[in-house]
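The block underneath contains the structure these notes are about, expressed in structure tokens.
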Amino acid sequence: MKSHYLQAAACLGLLVTLPTVAADEASQFALGKKLFMQSSQPACVLCHTLKDADATGAVGPVLDELKPDALRVAKALRDGIGQMPSYKASLSEAQILALAKYVSKASGAAK
């Protein structure tokens, strides 16, 4: 009988955390979009094309076609690539991760 109570409590705990996880993902997506559009310097929209952000930059790759995963975006943000500078000194690790998840999800790489 005790195990049924424990299972029920565990399920209830899981159900309580689901809305929190969704809210965290939504706020991280919003932060990533804000960073992509205006907060990073230089702003990503200046160089990249990404439909979700109404970005039509012509210097960097078209992210909707490239569909990079979050790991690839985070690495490019930290290290720079080609003409793209490193953002390691200007963005926190949390901001890099939010921006990477945003680009990955907005481009269609992540569902």
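Throughout, read-outs are computed from the coordinates displayed, never taken from laboratory work. Keep in mind that this is a model prediction, so the values were computed, not measured. Every residue, glycine as well, gets a Cβ built from its backbone with ideal geometry; the counts of neighbours run over all protein chains shown.
Around Ala100, under 15 Å between beta carbons, what's the net of Lys plus Arg minus Asp minus Glu among the other residues?
+4
Modelled label positions at Ala26 and Gln83, each set 7 Å beyond Cα in the direction of Cβ, lie 3.8 nm from each other. Full extension of the segment from Leu46 to Ala94, taken as 0.36 nm per residue of separation minus the current Cα-Cα distance, would add 15.1 nm. The phi-based Karplus calculation (6.51 cos²θ - 1.76 cosθ + 1.60; θ = phi - 60°) puts the 3J(HN,Hα) values of the range 60-66 at x, x, 6, 5, 5, 8, 5 Hz, whole numbers, x for Gly and Pro.
Based only on other Cβ atoms within 10 Å, what is the fewest-to-most ordering of Leu97, Leu35? Spell out each step's value before the answer.
Numbers: Leu97 18, Leu35 22.
Result, fewest neighbours first: Leu97, Leu35.
Near Asp69, no amide H atom lies under 5 Å from its own; only residues 5 or more places off or on other chains count, and H is placed 1.01 Å from N.
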